[in-house]
Amino acid sequence: MKRERYFQDELRKMFVSYAVIPVFVFTLVCGVIFMAAFLYGRLSITRRQNHLVAQELTRVLTGYQDGLKELSAIPGLLEADSGEVSGEASRSRIAGIQQQIYEIVYRLQNEIGYEAEFHVLDQNGNEIGYEVGTGDSRNVHKQQDYGTAVDALGRAGASSWGMFTAMDQKPGCPVIQLKNGWKSQAGILAIGTAVENGYLVFTIPARQMQPLLDQLDTQTVVCDAFGWVYFSNASQFLTGNNQVRTALDEAGHWLSDDGQLYLTMKQSVEPGGFLVYSVANIQNIVISLSIAGLMIITALLGMCLWLVMVSGKVTEKKTEDFYKILDVLEQVKGGNLGTAISIHSENEFQIIADACNEMISGLREQMENNRKMAILVATAQNKQLESQFNPHFLYNTLENIRYMCKLEPATAERMVFNLSGLLRYSLNGGEAEVTLREDLEHLENYLSILRYRFGKRFTCITDVEPEVLACRIPKLVFQPMIENSVKYGFGRQENLRVELKAYRYEDRLIMICRDDGVGMSQQNLSSLTRLLEQEENTSRHSGLYNIHRRIQILYGRLYGVEIRSLEGHGTTLIVTIPAHGEENHAADFDCGG
């Protein structure tokens, strides 16, 4: 049968797991990190430019709002109606107002960088006559044609939702609205406020924001809260009505549209409630990175497949000596210590082989010595346990003999005879095992002594199946069991009844000693059970421990003594050993088999 070469397979798997796969995974991770870093960088640029547009728009709106507050503080600004202005003094005052307006507007345009037209309107929305704007419109003149910017504002009172209504609802507070948003690239941003007797309005056409778009390399859309576009350089994201498409408005950081992939960024602008969208097309970048990634993965897969195929041959050659060593070690494991390893590779495996050969030789010699030593130790330990007799029993027996010598010399003589027979049997250095019949015969010496001591108070009944009398058992098994019953069973009760029973169950011999004594508490029972499992006896319960230890020395840890007891209901000792007869007289003693 061909033996599985697990080490070779494991070595191959280890090479694949710790070399090929990590390289493959590392390359993939690096590729993913590079792609993620590249896309994150592009996203950061888009975010930065989106923030730039929002910041610029906020600066423009805030700047012109502050300008409105400054202009509204000019006294007599709305008193210069064309039909009422007369006299040199009035014209001089109007010229002074015009100069203040010009200075404030010119300064604002220079500071903000985006020019706006300034309008002074009466309560009906008519131009009063001041206009300061771009180009040659710096002179104050009567505006007969209100022009596109003023027309876009509508007329005061024309509707309830126009800019004039919004300004009337919040007098003194700037109002920002987008006008003509439905016209592509013709939107006008109006910033106005209602003052006493009229309105002040700045208008910024969409074309004024073109320099901002020229600074960007992303597509940008700026719209109001209703989606009407103020200015933009991304017409593909606008509807025919010059509103932002729903796809862009609902997109997160990614947008797939018309077969293209975009990075998107959205930010709101306060004041005004405007929205700034920044869009970067990354379709070509993703395609390029994907093609490069596929090429790298293909190359890595090819390299990994080649390495996996080569690793099989390499590991097979490198593990040849290892399996020679393993073959010999398996033979040693099976008990064959007469084998040796033959390797001539002049590498580390040869050193291991020489060491193993030396170890096998030493192990062979050591095992033989250990076998002899184990026999001697087990024999000595068993003899020592056999020879241990309870000193309390001897003391009590000798005391009884001493009294009997005076009262009943004949009884004392029989007690001495029984004690001497028991001691002779205990100290006999013969075989470690005797038949059950022989042990019961010598047990009578012990039972006779107990009857002399306790008289009718002690009763012992023996119930042994005849077919187990030929079974071999360790010497002095029943004596310590009865001694334990006598020592702990009487207690304060007057009489004690002990029953001995032996029978065969399958391939085991069961010996039971049961008494009707006072029993043991659960605590004492647990302590005694733990004692039997210890390697050394550290308590005064030597009899049961000696039986248990001798049985395990002779037959193994599957056999021994079991204790069952219930306080007030007596104690039961169960000894279990393998059932076997005399080895040299199997025909005469079959032990019930």
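The values are calculated or read from the model by the stated rules, or taken from the named source; none is laboratory data. This structure is a prediction, so every number in the text was calculated from the model and none was measured. FYI the Cβ positions are ideal-geometry reconstructions off the backbone, even for glycines, and counts take in every protein chain you see. Ligands, DNA and RNA are excluded from the accessible area calculation, which covers all protein heavy atoms including side chains. Shrake-Rupley method; radii C 1.70, N 1.55, O 1.52, S 1.80 Å.
Observations on the structure shown:
- Remark: region 352-357, residue by residue, has Karplus-estimated 3J(HN,Hα) of 5, 4, 4, 5, 5, 4 Hz, where x stands for each Gly or Pro and the curve is 6.51 cos²θ - 1.76 cosθ + 1.60 at θ = phi - 60°.
- Structure note, pairs Lys333/Lys501; Lys406/Lys475; Lys406/Lys501; Lys456/Lys501: Cα-Cα distances above 32 angstrom occur for Lys333/Lys501; Lys406/Lys475; Lys406/Lys501.
- Spacing of the two label points (7 Å from each Cα toward its C-beta) at Ala73 and Arg492, in nm: 11.1 nm
- Estimated at the nearest 10 Å², the accessible area of Met359 is 100 Å² with a 1.4 Å probe.
- Inter-probe distance in nm under a simple model that places probes 7 Å from Cα toward Cβ, at Lys183 and Thr62: 3.1 nm
- Near Val195, the amide H atoms lying under 5 Å from its own belong to Leu200; only residues 5 or more places off or on other chains count, and H is placed 1.01 Å from N.
- Working note: Karplus 6.51/-1.76/1.60 with θ = phi - 60° gives region 55-66 the couplings 5, 5, 5, 4, 4, 5, 5, 5, x, 6, 5, 4 Hz, where Gly and Pro are set to x.
- For region 436-505, the relative contact order works out to 47 percent when only alpha carbon pairs closer than 8 Å and six or more residues apart are counted.
- Close amide H partners of Leu78, meaning residues 5 or more places away or on another chain with modelled amide H under 5 Å apart, do not exist here.
- The shape of region 157-242 can be summarised by an equivalent ellipsoid whose semi-axes, obtained from the alpha carbon gyration tensor, come to 28, 14, 9 Å from longest to shortest.
- Estimated Rh, region 165-212: Kirkwood, alpha-carbon pairs, angstrom: 11.6 Å
- For region 416-511, the fraction of alpha-carbon pairs lying more than 16 Å apart is 58 percent, rounded to a whole number.
- Label-point separation, Gln366 to Glu467 (7 Å along Cα→Cβ), nm: 4.8 nm
- Amide H partners (placed H, <5 Å) of Ala579, local residues excluded: Arg508, Leu509
- Of every Cα-Cα pair in region 179-326, the percent that sits beyond 18 Å: 70 percent
- Theoretical gain in end-to-end length, Leu337 to Ile21 [0.36 nm per residue, Cα-Cα removed]: 109.5 nm
- For region 483-515, the list of trypsin sites (Lys or Arg not before Pro) that fall in a loop by DSSP and count at most 16 other C-beta atoms within 10 angstrom reads Arg492.
- Solvent-accessible heavy-atom area per residue, rounded to whole Å², over region 208-319 at 1.4 Å: 53 Å²
- Shape analysis of region 271-341 based on the Cα gyration tensor places the equivalent ellipsoid semi-axes at 65, 19, 5 Å, largest first.
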